[in-house]
Amino acid sequence: DWKPFNLRDRYMSIEVNLTSGRAIKWDKATGGFRDLIIEDDSNPSKNDTLIPVILVHTRMILHLLTAIVLIGGSLAQEDLIAKTSYGSIQGYEASSSDGTRVRVFKSVPFASPPVGDLRWKLPIQPKKWEGVKDGRKYSAACMSNSTTSSSPQPVRRSGRVRLLINYFEWVDEDCLYINVFVHGECSVRLSQCATKKCPIVVYFHGGAMNYDSATYFNDTALIETYASKGVMLVIPAFRLGFTGQFSLGDDQELVPSNLGAYDALQALKYINKEAAAFGGDKDAVTLMGHSFGGAMAIMLGYSPVRKLQVPVHKLIMMSTGLYFDEPEKNGNLSKEMIRMANCTSISKRVNLSCMMKKSGQELLAIQRKLEEDHFDMGLFGGVIMRPPLFPFKDMPDFLKNPP
């Protein structure tokens, strides 16, 4: 209840611009506020045209300001929720150095976690969920722990982030997520009104398919270089090392080859299906990558399987090497891992069953020891020339007869 006003109370003069207001500014007077003016920053010349509306008691204006903040916050909150076919995801807003608004959605699941019975299986679509999933923090990076990497994954402890050079704690088999950085004008609401959609850049990270991740990039650089320039940048994760290149020879039913590449393909299918939920244009997709990521872009760009399942319109490769391995190399590394895990038997199925019972961290430690003790064997990684994803005999065959 408001007490009666008297002439000694302080009042505010509220003036409203005839055009749409964008910024609220006020001046302090001695002992309280004096004037409240709503201005149109897009056309400063019109800000001289102000109409006095009412004199309002100071305590009333504080309640009015609270209401404005609450209303504005709820609208922004709605814009920051991406409604996909699988469920809703809460993102957050960031700004570039020039003030360009960018929406960020992290840890967006594009496949079911490849854990349990799904370890060493082809990726499948994510399960639907109820409520709103938190997309404001990075998920764990895919499994990696290599002395050859100069870019260790961030480690989170009690809210702090630090780096460990030789051991990555914040990695997990549950890692198949995309991170989305999209220009603010391509919000969910705007895209539904078809006013503008952002062209999509899908960026594959490097690391020889053995290290690095979709989570170790600097957010500020991604916002400044890509999202603020009017694009939707998507960085997908994919299985690395033994999780993506474990091999039992030619038996593709037991363990398919190129699981990491199939993860990337699954991410492309998800992006094609859900692009509009984030403000992206599925008919303007560019694949881009550096180092091994460039090789991934090349192979998926030319893959006949990819062409049948999802469209891609442009390719950008940076510092790309020829990361293509013979199947025998990953097979030999896998045999040695099986031996070191005490899982050797005369049956491949028994070997696989034993390896499936090992924890991801246990297998990661074995891979690290294998790398240190038998570096001459090489590292897990690279793309295997094997149909149907990459139906080429070898690299010369691909270069001579690209599809």
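Worth a mention:
- Residues that are under 15 Å from ASP263 (Cα atoms), assigned to a helix (DSSP H, G or I) and either among the small types (Gly, Ala, Ser) or without any contact (Cβ under 8 Å) to a residue 24 or more places away in the chain (or both), drawn from region 296-331: ALA297, GLY301
- Qualifying positions in region 374-403 - among the basic types (Lys, Arg) and surrounded by fewer than 14 Cβ atoms within 10 Å (Cβ to Cβ): LYS393, LYS400
- Selection over region 216-234 of residues that are at pLDDT 90 or above, farther than 18 Å from ASP98 by Cβ and surrounded by fewer than 24 Cβ atoms within 10 Å (Cβ to Cβ) gives a count of 0.
- Among the residues listed as ASP281, ASP250, ASP263, ASP325, the single one being modelled with pLDDT under 90, crowded, with 16+ Cβ neighbours inside 10 Å and not small (Gly, Ala, Ser): ASP325
The rows are residues; the columns are (1) buried (at least 22 other Cβ atoms within 10 Å of the Cβ); (2) part of a loop (DSSP other than H, G, I, E, B); (3) at pLDDT 95 or above.
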site: GLY99; (1), (2), (3): no, yes, no
site: LYS106; (1), (2), (3): yes, no, yes
site: THR148; (1), (2), (3): no, yes, no
site: ASN166; (1), (2), (3): no, yes, no
site: ILE178; (1), (2), (3): yes, no, yes
site: ARG189; (1), (2), (3): no, no, no
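- Condition met for ALA208 (in a loop (DSSP other than H, G, I, E, B), under 30 Å from PRO387 (Cβ atoms) and at pLDDT 85 or above): no
- Here PHE390 passes the criteria (1) touching a Ser or Thr at 6+ places or on another chain (Cβ under 7 Å); (2) in the same structural domain as ASN258 (by TED's automatic domain parsing) except the one numbered (2).
- Checking each residue in region 95-107 for being of a type outside the set (Lys, Arg) and farther than 18 Å from SER139 by Cβ picks out SER95, SER96, SER97, ASP98, GLY99, THR100, VAL102.
- Within region 346-363, being part of a loop (DSSP other than H, G, I, E, B) and surrounded by 12 or more Cβ atoms within 10 Å (Cβ to Cβ) holds for one residue alone: LYS358.
- Qualifying residue in region 278-286 (condition: within 20 Å of ILE384 (Cα to Cα) and in a strand (DSSP E or B)): no
- Out of THR286, THR320, one residue alone is at pLDDT below 90 and in contact with a His (Cβ under 8 Å, 6 or more places away or on another chain). It is THR320.
- Candidates are the residues of region 253-277 that are in contact (Cβ under 8 Å) with a residue 40 or more places away in the chain and outside any helix (DSSP H, G or I); the one that is nearest to GLU78 (Cα to Cα) is ASN258.
- Residue match in region 311-321 (condition: among the hydroxyl-bearing types (Ser, Thr, Tyr) and on the phi > 0 side of the Ramachandran plot): yes
- Those residues of region 222-276 which are touching a helix residue (DSSP H, G or I) at 6+ places or on another chain (Cβ under 7 Å), within 20 Å of LYS307 (Cβ to Cβ) and of a type in the set (Phe, Trp, Tyr), in sequence order: PHE238
The values are calculated or read from the model by the stated rules, or taken from the named source; none is laboratory data. None of these values were measured; they are calculated from a predicted model. As a convention, Cβ positions derive from the backbone with ideal geometry for all residues, glycine included, and neighbour counts pool all protein chains shown.
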